[in-house]
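Scroll down for the structure; my scribbles are underneath it.
Nothing in this text is a laboratory measurement; each read-out follows from the coordinates by a stated rule. Note that the structure is predicted; figures quoted are calculated from it, not measured. Heads up, the Cβs are rebuilt from the backbone with ideal geometry, glycines too, and the neighbour counts pull from every protein chain shown.
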Amino acid sequence: MNELQRQFFAEAEELLESLFRALQQLRLRRSEGRMRRDLTGQIFRYVHTLKGAAGAAEMEPVRNLAHKFESALDGVRIGRVPLSDPLLDTFEDAAYAISENLAVADDQKPPAETGDLLQRLRDFAASGSEEKMPYLLDARSLLPGDIAAALSRYDERHLGEVLAEGARLFIVSANFPLAVFDEEFRALSARLAKDGEILATVPGAQLVGSGAITFRLLYAASGVPADGLRDTIDQPAVTVTELERRQNAPPPSTTGSTSDTGERVAPSSPVADTVRVSLAELDDLIARASELFRETINTFESRSGENEDDAGTEIRTSQTTRIREQFVELESRLIKLRMVPLAATFERAARAGRLAARATGKEVVIEITGGEVAIDKSLAATIADPLIHLVRNAVDHGIEFSETRIAAGKSGAGRIQLSAASESNRIEIFVTDDGRGIEPAQVGRAAAEREIIADASSVTFDQCLRLIFRPGFSTAEAVSETSGRGIGLEIVDRAMADAGGEVRVRTDPGKGTTFQMILPATLALVATLLVRAENNFYHIDARCVVDQGSLAVNGSDSLRAEFEWRGKVLPRIELKDLLGQTNGQSTNPETQQTKSFMVIRNPAAPDRDQANDATTAMAEHTALIVDSIEGEHQALVRSLGRHAARWRGIAGASELRDGSVALVLDLGKLLELSSEAGIGA
């Protein structure tokens, strides 16, 4: 892949996200004349840009799709092709096909088959009628000759629609100095766009040697008199003339198909002025910034002399604090450059769900919350396919047909919710449906039929929830376009293992199912307490620590399982025991040591409400005993990747100022494991 193609893929991804959003808005607001025109124009520009960029990058399948897509859109723009549900479905299919072709091209695979889709686009582009609107000739006769002659077919359609909506027509004449023409024209266009629409722009008569440029705008607005428009513009270089409508001009439409809310879609470019940097380069910058911070602080502190007075010490401490704060801010900003909102990934999954619903004939509403949660770009790519499979699985296996839902006392339309939450150095993503839930008996029968298990009656509820992730397992009776091959949930499970995360399932038969993906953040800046246990250093999320202090203990104290704190008796556990570091040597009861304690707020597990979950036995707070607390840190936490699954209770690792590595603990998981094993009880 050459550099031009790499740039095309990055640009096309942003264009497609904007295209999908505009298509969704067009489906929802096609009855609003002005919004429909704005959105159709936006979609046409996105597809046209995709076509040109794909041609330059020699991506012929994408260019061909975009060309046929553009032809059908052009028919809509000029009013020859009516906007309908089948046409909107075809437009969404075309956008999805472009996305799929980009994906296979990026993986250097053969292009996806699009023959049927291309034929549908051709059919729509060739459909409709070239006949003009019956009142259009009368409307054109209202205009000055030069403006009428300058109208394109699209402008004619636009003029006919605004007249049908009862808009008033104006000629706005402007005369601005050539040096500031661009700025003044943009300002005038912005003011006019607030209340109406610019239908056409033509040059005006130019005075020789005037140093000015003149032009005239054909402008339409509803409910705005000429005097009010002049007051709004309030520029001496601009004049406004209203065109009188004849008695036989078309009346405002009463069908409700072209209502106008006055709201306008901003015609902004989907590709901002950005510079694209690879994740590898960003990662290297973050690592170098972290290394530079350590070396700067170490060098700065090594220069402090033994004879330094109090004033010098105070100055050095203040300088060190400022340097630390600036480096922390720099690292934080560099990390944010790697992050992308989950909204785009959620939208892709939602689109796949809508296509699956259409293929199965089910009525499904897909809701998105938490799209603002930021996730590392590499993690977003990792979860994209698993998320699509979970949504498709919810449509095909979870959501019932409307008649079944109504008979069960539910609404006719099923609901699927995609949501996300960020907790310290991990991301949690949920796919929830209000469908039939998972029936253990059905799972057991399907597993027995496929000889995965010998006896269906011996399968427990928890085992059922794990069986559905087995390769080749499916409860579908036949293979369909969306499921039945037993690979969807296996892909989810494998992706979570590769990312060092896990997937959990909660279900209520007859009411719905929730799939939860828990992922460690690839890179995060976390406020931690650095602690020592058995000569090893560990980071603990500072947000979990409610209180801390020191205490004197002897051998008999170390065996106690309780800790008094603020009038409460808390469970007590030593970090070395929690980590399985007990060396088996007993401490002399007469020997007294100074240790540190932290009162930890136990992070609530997402599935804590299930009766068979061991976390329900966990206390709200726990006293954690460590050898020492070394102080607060801003730790640059790196994920352990796929190895994280092997080290349960370890959230990542961070490099200390001396170059050594300290593990970052997931106290929620460690306390859950200790509760299951009976440690500290």
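Worth pointing out:
- Cross-link partners of K362 among lysines, defined as those whose alpha carbon lies under 16 angstrom from its own and excluding same-chain residues fewer than eight positions apart: K410.
- Estimated FRET transfer efficiency (R186, A103; beta-carbon r; R0 45 Å; 0.05): 0.75
- Highest average packing first - 374-384, 42-52, Cβ atoms within 10 Å: 42-52, 374-384
- A full extension of the chain between R657 and A280 corresponds to an added length of 133.4 nm, given 0.36 nm per residue minus the alpha carbon distance.
- Amide H contacts of A212 (H built 1.01 Å from N, under 5 Å, at least 5 apart or other chain): L178
- Modelled spin labels at A212 and E372, positioned 7 Å past Cα toward Cβ, are 4.8 nm from each other.
- Charge tally around S422: other residues with Cβ under 11 Å, Lys/Arg +1 each, Asp/Glu -1 each, net -2.
- Annotation for S84 and E325: the two label points, set 7 Å from Cα along the Cα-Cβ direction, are 6.6 nm apart.
- Translational diffusion coefficient (Stokes-Einstein; Kirkwood radius from C-alpha pairs) of segment 351-439 at 4 °C, 1.567 mPa s, in µm²/s: 93 µm²/s
- Using 0.36 nm per residue and subtracting the Cα-Cα separation, the extra length available between L337 and R494 on full extension is 53.8 nm.
- For V664, distant residues with modelled amide H under 5 Å away: H539, A651, G652, A653, S654
- Summed side-chain charge close to V545 - residues other than V545 whose Cβ falls under 10 Å, Lys, Arg +1, Asp, Glu -1: -1
- Spatially proximal lysines relative to K68 (Cα-Cα < 25 Å; intrachain offsets below 8 disregarded): K51, K109, K132
- Among 387-393, 163-169, the peptide with the highest mean count of other Cβ atoms within 10 Å heads the list, and the full ranking is 387-393, 163-169.
- Estimated from the Cβ-Cβ distance and a Förster radius of 56 angstrom, the FRET efficiency linking S71 and E562 is about 0.15.
- Separation in nanometres of the label points that stand 7 Å from Cα toward Cβ, at R122 and A448: 5.4 nm
- Extended-chain gain in nm, criterion 0.36 nm per residue less alpha-carbon gap, E14 and R601: 207.2 nm
- Sequentially through segment 568-577, phi angles give Karplus couplings (6.51, -1.76, 1.60; θ = phi - 60°) of 10, 9, 10, x, 10, 8, 8, 4, 5, 6 Hz, Gly and Pro residues having no value and appearing as x.
- Highest mean packing first, where packing is the average number of other Cβ atoms within 10 Å per residue, the peptides 525-534, 77-86 line up as 525-534, 77-86.
- Near V365, the amide H atoms lying under 5 Å from its own belong to G414, R415, I416; only residues 5 or more places off or on other chains count, and H is placed 1.01 Å from N.
- Structure note, pairs K576/K669; K568/K595; K336/K669: Cα-Cα distances above 23 angstrom occur for K336/K669.
- Cα centroid of segment 488-543 to Cα centroid of segment 1-21, whole Å: 31 Å
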